[in-house]
Amino acid sequence: MTKPKRVAAESTVAPRALIDSGPLIALFNGGDQWHLPVLGWLRANQQIRLYSTWPVLTEVCALLARRLSNLAALDFLRWVERGALRLDQPDAGSLAHVLSISERFADLPFDLADASIAEAAMRLKLTAIVSIDADFDVYRDASGNALRNLLRE
């Protein structure tokens, strides 16, 4: 009797990326020039597990409510609640790191959402982002590496 060959288990870990407010706003605003590109990217990349931060959700809700309606902001929150993206839970040192990132890039317009994404990327060891902003071409981690922008690849 021969031993059965061991088959290497396939990795079940989905690729992960952070998502910024721009693509989320575009997704819920059919009139946004980025709406169709973002929708197409999401449909083509359903295997990627998306993460975001509370400051990003706050920014998305505020801008959707202002530009479209409160209903658009509520629809967005329902989409998040259904599991479309995972909400990062900052730790005790997150605020200090966000402040440090903001001070390091003080020559850029202050953006709490962007700084929270940069902090979460370092803490969660994520190297990919989905963003329409060029800001993430400038932000660098402590090692000097930029995040890979999946939407613009």
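Structural remarks
- Lone unmet requirement of (1) modelled with pLDDT of 95 or more; (2) surrounded by fewer than 14 Cβ atoms within 10 Å (Cβ to Cβ); (3) touching a strand residue (DSSP E or B) at 6+ places or on another chain (Cβ under 9 Å) for residue 80: (2)
- Among (1) modelled with pLDDT of 95 or more; (2) crowded, with 18+ Cβ neighbours inside 10 Å; (3) within 22 Å of residue 145 (Cβ to Cβ) - the single one residue 114 does not satisfy: (1)
The values are calculated or read from the model by the stated rules, or taken from the named source; none is laboratory data. Remember, it's a predicted structure, so these values are computed and weren't measured experimentally. Please note: Cβ atoms are built from the backbone with ideal geometry, for glycine as well, and neighbour counts cover all protein chains shown.
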